[in-house]
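Visitor: Okay, here's the structure, questions in a sec.
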Amino acid sequence: MAQTVTMDDEERQVLQAAQARASALAEGDGAALVALLHERFRWTAHVGETYDRDEYVRRNTDGQTVWRSQTLGNPVVVVVGDTAVLHAEVSDVVMRDGSEVTFRMPVTQVWVRPAGSWLCLAGHAGPRRLDP
(Lines give C-alpha, C1' and ligand atoms only; values in the text may rest on other atoms or scores of the structure.)
Protein backbone atom coordinates (compact mmCIF):
# COMPACT_ATOMS: atom_id res chain seq x y z
CA MET A 1 0.00 0.00 0.00
CA ALA A 2 1.42 3.42 -0.99
CA GLN A 3 2.19 5.76 1.86
CA THR A 4 0.79 9.28 1.63
CA VAL A 5 3.10 12.04 2.82
CA THR A 6 1.43 15.20 4.01
CA MET A 7 3.20 18.55 4.01
CA ASP A 8 2.69 21.54 6.22
CA ASP A 9 2.43 25.08 4.82
CA GLU A 10 6.18 25.81 4.98
CA GLU A 11 7.06 22.53 3.29
CA ARG A 12 4.51 23.26 0.54
CA GLN A 13 6.02 26.74 0.05
CA VAL A 14 9.47 25.20 -0.46
CA LEU A 15 8.06 22.65 -2.90
CA GLN A 16 6.26 25.42 -4.81
CA ALA A 17 9.53 27.39 -5.06
CA ALA A 18 11.33 24.26 -6.30
CA GLN A 19 8.61 23.68 -8.88
CA ALA A 20 8.91 27.32 -10.00
CA ARG A 21 12.67 26.75 -10.42
CA ALA A 22 11.94 23.65 -12.53
CA SER A 23 9.48 25.64 -14.67
CA ALA A 24 12.03 28.42 -15.17
CA LEU A 25 14.51 25.80 -16.42
CA ALA A 26 11.96 24.36 -18.85
CA GLU A 27 11.08 27.84 -20.11
CA GLY A 28 14.73 28.94 -20.38
CA ASP A 29 13.80 31.95 -18.25
CA GLY A 30 17.06 33.31 -16.85
CA ALA A 31 15.43 36.19 -14.99
CA ALA A 32 13.05 33.83 -13.20
CA LEU A 33 15.95 31.54 -12.28
CA VAL A 34 17.99 34.43 -10.88
CA ALA A 35 14.99 35.50 -8.78
CA LEU A 36 14.78 32.00 -7.24
CA LEU A 37 18.50 31.49 -6.59
CA HIS A 38 20.40 32.99 -3.65
CA GLU A 39 23.22 35.34 -4.67
CA ARG A 40 25.74 32.87 -3.14
CA PHE A 41 24.12 29.87 -4.87
CA ARG A 42 26.23 26.82 -5.74
CA TRP A 43 25.21 23.74 -7.76
CA THR A 44 27.05 20.44 -8.19
CA ALA A 45 26.04 18.76 -11.44
CA HIS A 46 25.71 15.03 -12.03
CA VAL A 47 29.10 15.13 -13.78
CA GLY A 48 30.81 16.57 -10.68
CA GLU A 49 31.20 20.15 -11.94
CA THR A 50 30.27 23.00 -9.58
CA TYR A 51 28.68 26.26 -10.75
CA ASP A 52 27.92 29.60 -9.14
CA ARG A 53 24.61 31.32 -9.85
CA ASP A 54 25.75 33.17 -12.98
CA GLU A 55 27.33 30.09 -14.57
CA TYR A 56 24.35 27.89 -13.65
CA VAL A 57 21.90 30.31 -15.25
CA ARG A 58 24.09 30.72 -18.35
CA ARG A 59 24.50 26.96 -18.85
CA ASN A 60 20.77 26.35 -18.50
CA THR A 61 19.44 29.21 -20.63
CA ASP A 62 21.98 29.91 -23.39
CA GLY A 63 21.09 26.92 -25.56
CA GLN A 64 23.88 24.59 -24.37
CA THR A 65 21.18 22.52 -22.68
CA VAL A 66 17.66 23.07 -23.98
CA TRP A 67 15.16 22.05 -21.35
CA ARG A 68 11.72 20.68 -22.17
CA SER A 69 10.61 19.83 -18.62
CA GLN A 70 11.67 18.86 -15.13
CA THR A 71 9.37 16.93 -12.81
CA LEU A 72 10.04 16.46 -9.09
CA GLY A 73 8.98 12.95 -8.12
CA ASN A 74 8.38 11.83 -4.53
CA PRO A 75 9.58 15.08 -2.95
CA VAL A 76 10.45 15.14 0.74
CA VAL A 77 10.94 18.52 2.39
CA VAL A 78 12.36 19.16 5.86
CA VAL A 79 12.13 22.71 7.22
CA VAL A 80 14.15 23.88 10.22
CA GLY A 81 13.65 27.56 10.92
CA ASP A 82 14.56 29.48 7.78
CA THR A 83 16.40 26.58 6.14
CA ALA A 84 14.92 23.69 4.20
CA VAL A 85 16.23 20.59 2.49
CA LEU A 86 14.32 19.08 -0.42
CA HIS A 87 15.09 15.64 -1.78
CA ALA A 88 13.36 14.28 -4.89
CA GLU A 89 13.81 12.07 -7.92
CA VAL A 90 13.80 14.38 -10.94
CA SER A 91 12.75 13.41 -14.42
CA ASP A 92 14.40 15.73 -16.93
CA VAL A 93 13.57 16.05 -20.60
CA VAL A 94 16.22 17.95 -22.56
CA MET A 95 17.33 18.39 -26.16
CA ARG A 96 20.83 17.18 -26.90
CA ASP A 97 22.31 17.17 -30.40
CA GLY A 98 18.84 17.58 -31.92
CA SER A 99 17.31 14.66 -30.02
CA GLU A 100 15.04 14.66 -27.00
CA VAL A 101 16.60 12.77 -24.08
CA THR A 102 14.87 11.81 -20.83
CA PHE A 103 16.83 10.96 -17.73
CA ARG A 104 16.23 10.59 -14.01
CA MET A 105 18.39 11.32 -11.03
CA PRO A 106 18.15 12.05 -7.34
CA VAL A 107 18.46 15.71 -6.42
CA THR A 108 19.00 17.47 -3.12
CA GLN A 109 18.35 21.19 -2.80
CA VAL A 110 19.00 23.51 0.15
CA TRP A 111 16.59 26.43 0.43
CA VAL A 112 16.88 29.47 2.72
CA ARG A 113 14.43 32.19 3.63
CA PRO A 114 16.50 35.35 4.20
CA ALA A 115 13.66 37.86 3.77
CA GLY A 116 10.37 35.98 3.67
CA SER A 117 10.81 34.23 0.30
CA TRP A 118 12.45 30.87 -0.26
CA LEU A 119 15.67 30.97 -2.33
CA CYS A 120 17.73 28.01 -3.45
CA LEU A 121 21.18 28.26 -1.86
CA ALA A 122 22.68 25.01 -3.11
CA GLY A 123 21.93 21.77 -4.84
CA HIS A 124 23.38 18.50 -6.02
CA ALA A 125 22.10 16.19 -8.72
CA GLY A 126 23.09 12.70 -9.67
CA PRO A 127 24.02 10.18 -10.57
CA ARG A 128 22.12 10.37 -13.85
CA ARG A 129 20.14 7.36 -15.02
CA LEU A 130 19.03 7.19 -18.64
CA ASP A 131 15.53 5.88 -19.24
CA PRO A 132 15.35 2.75 -21.41
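Visitor: Can you find a residue that is under 12 Å from the mean Cα position of the chain (by Cα), modelled with pLDDT under 95 and more than 17 Å from R12 (Cβ to Cβ) anywhere in the range 107-120?
Guide: No, the conditions are met nowhere in the range 107-120.
Visitor: Further, regarding this structure: Name, by its number, the condition in (1) within 16 Å of R128 (Cβ to Cβ); (2) under 12 Å from the mean Cα position of the chain (by Cα); (3) surrounded by 15 or more Cβ atoms within 10 Å (Cβ to Cβ); (4) not β-branched (V, I, T) that does not hold for H46.
Guide: Unmet condition: (2).
Visitor: Follow-up question, since we're still on this one. Pick out, from the range 6-67, the helices (runs of 4 or more DSSP H) lying fully within it that include 1 or more residues that are closer than 15 Å to V110 by Cβ and of a type outside the set (A, V, I, L, M).
Guide: 9-27, 53-61
Visitor: Quick one: which residue in A32, A84, A18, A26 is without any contact (Cβ under 8 Å) to a residue 40 or more places away in the chain and either in contact with a Leu (Cβ under 7 Å, 6 or more places away or on another chain) or open to solvent by less than 60 Å² (accessible area, probe 1.4 Å) (or both)?
Guide: From the options A32, A84, A18, A26, the qualifying one is A32.
Visitor: Go through V66, V76, V90 for me and flag whichever is open to solvent by 50 Å² or more (accessible area, probe 1.4 Å), in contact (Cβ under 8 Å) with a residue 24 or more places away in the chain and touching a Leu at 6+ places or on another chain (Cβ under 8 Å).
Guide: V76
Visitor: State whether the residues of the range 73-92 include one that is farther than 21 Å from Q13 by Cβ, assigned to a strand (DSSP E or B), out of contact with any Pro (no Cβ under 9 Å at 6 or more places or on another chain) and of a type in the set (S, T, N, Q).
Guide: Checked the range 73-92: at least one residue is farther than 21 Å from Q13 by Cβ, assigned to a strand (DSSP E or B), out of contact with any Pro (no Cβ under 9 Å at 6 or more places or on another chain) and of a type in the set (S, T, N, Q).
The values are calculated or read from the model by the stated rules, or taken from the named source; none is laboratory data. Small disclaimer: the values here were computed from a predicted structure and weren't measured. Cβ sites come from the backbone with ideal geometry, for glycine too, and all protein chains shown count toward neighbours. Accessible surface areas use protein heavy atoms only, side chains included; no ligands, DNA or RNA. Shrake-Rupley method; radii C 1.70, N 1.55, O 1.52, S 1.80 Å.
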